[in-house]
Amino acid sequence: MTGPAAGSGPAAGSGAASGSGAAAGSGTAAGSGATVLEVRELSVRYRPRGRVVHAVDSLSYSVAAGRTVAIIGESGSGKTASSRAIMGLLPRSAEVSGSAVLNGTELIGLGARELRRHRGHDVAMIFQDPARSLNPTMRVGPQIAEAIRAHRERGARKISRAAARERAIELLRLVRLSAPEQRYREYPHQFSGGMRQRVMIAMALSCSPRLLIADEATTALDVTTQAQIMRLLTGLQAQLGMAILMISHDLGLAASFADDVVVMYAGRAVERAPVRELFGNVRMPYTSALLGAVPRLDRAAHTPLPVIGGRPPVLSGPPGSTPPAGCPFAARCPRAAERCERERPELAEDEPGHAYACWYPLAGSAQAASASGSAPASGSVSASGSASASGSAPASGSVSASASGSAAGEAR
């Protein structure tokens, strides 16, 4: 085990306490709007067959109007569970605690009838697989119209079928589907994957929500279609002034289209910062490991792909158990020391706007430049997204929007 690098890392409890203060970049950047969603100490637990699973543990962040926050991490890190907790879409066996305030209304603890009033109008969600989300036995137009009538009918105010149909056609035109009147009468199987995802976006926008949650909305799409969908979402965001919460494991997508990034691991936020700050000044070894694992076109042929060694920690235990002690990444981290296995670091804002949970973080670009008296060392991550993990990260390599293959050339 290697010890801490000279001058690296905040002392225990340094900076802001976990969950304190605004999320990175929310409400602080020039031109950003009022806070739409404020999540504080959100936790999700499941109890399958007499055990307890700590799926999300004390997650905190906020999303401002007109901004995009990306939550990234490996599969199983709690990204989708946290977003579904906000929407109230978890199974009844799930135990949700903490706070999620949407436009001044606390969502956690609301009943099904109250949550229904907010879905569609205030918050909407685009799911990962449109083929499974759309009813294959119904034409796509009536499915959009059904969502409009279901979420817009409040009290005595009713929407006619004809008005819902016109609104659905307008939405199909808004998401840039050709011949929207014809598409209204077609079935999902007559659409390509990208076209089906556009239908899901139209359905999500049917009631002009303040917050749009995109849960792996481009995962099943090819590279070109991914870029088209993300351009569409950012264009609609600028047009409608909504906030976007983007759930993804695609670092290139986050680098190209997000304003702020939250990195999750084992149910916890381990790093949080504005996108340029995070990719240009990585402090958490797990974030660096994710960057190093991105495939690169300039690698020599037939070389093994870099991976993050080991396995994520087991988050389940007997009833009454708590999450494992120590840093959840300690068993896979080459910088881990005895303290990492014994004490869990809290997410602390040791630098303005940049919070991370690590006892022995990587040297930031500013620290590296100060120590060497010259430009930042090659181990830092550039603002354009190119990164290398040389020296202290688990794997060498770099990431850029084009390297991820998902948003080539699509700079924000």
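The values are calculated or read from the model by the stated rules, or taken from the named source; none is laboratory data. Since this is a predicted model, take the numbers as computed values, not measurements. Virtual Cβ from ideal backbone geometry, glycine too; neighbours counted across all protein chains shown.
Evaluating Tyr61 against the criteria (1) part of a strand (DSSP E or B); (2) over 16 Å from the mean Cα position of the chain (by Cα); (3) not acidic (Asp, Glu) leaves one unmet condition, (2). In this structure, is Ala336 modelled with pLDDT of 90 or more, closer than 28 Å to Val44 by Cα and over 19 Å from the mean Cα position of the chain (by Cα)? Taking the combined requirement at face value, the residue satisfies it. Annotation note: of Ala124, Ala145, the sole residue that is crowded, with 17+ Cβ neighbours inside 10 Å, touching a Pro at 6+ places or on another chain (Cβ under 9 Å), modelled with pLDDT of 90 or more and at negative phi is Ala124.
When Gly292 is tested against (1) farther than 26 Å from Ala34 by Cα; (2) among the small types (Gly, Ala, Ser); (3) in contact with a helix residue (DSSP H, G or I) (Cβ under 7 Å, 6 or more places away or on another chain), only condition (3) is not met.
When Tyr360 is tested against the conditions (1) buried (at least 17 other Cβ atoms within 10 Å of the Cβ); (2) not in a loop (DSSP other than H, G, I, E, B), the lone failure is (2).
The C-beta contact set for region 317-335 (first residue part of a loop (DSSP other than H, G, I, E, B) and polar (S, T, N, Q), second residue surrounded by fewer than 24 Cβ atoms within 10 Å (Cβ to Cβ) and modelled with pLDDT of 85 or more, distance under 7 angstrom, 6+ apart or interchain) comprises Ser321/Val52. The single residue among Gly241, Gly235, Gly310 that is touching a residue at least 24 places away in the same chain (Cβ under 8 Å) and small (Gly, Ala, Ser) turns out to be Gly241. If you take the residues of region 74-112 that are surrounded by 15 or more Cβ atoms within 10 Å (Cβ to Cβ) and of a type in the set (S, T, N, Q), which of them is farthest from Leu290 (Cα to Cα)? The residue in question is Asn103.
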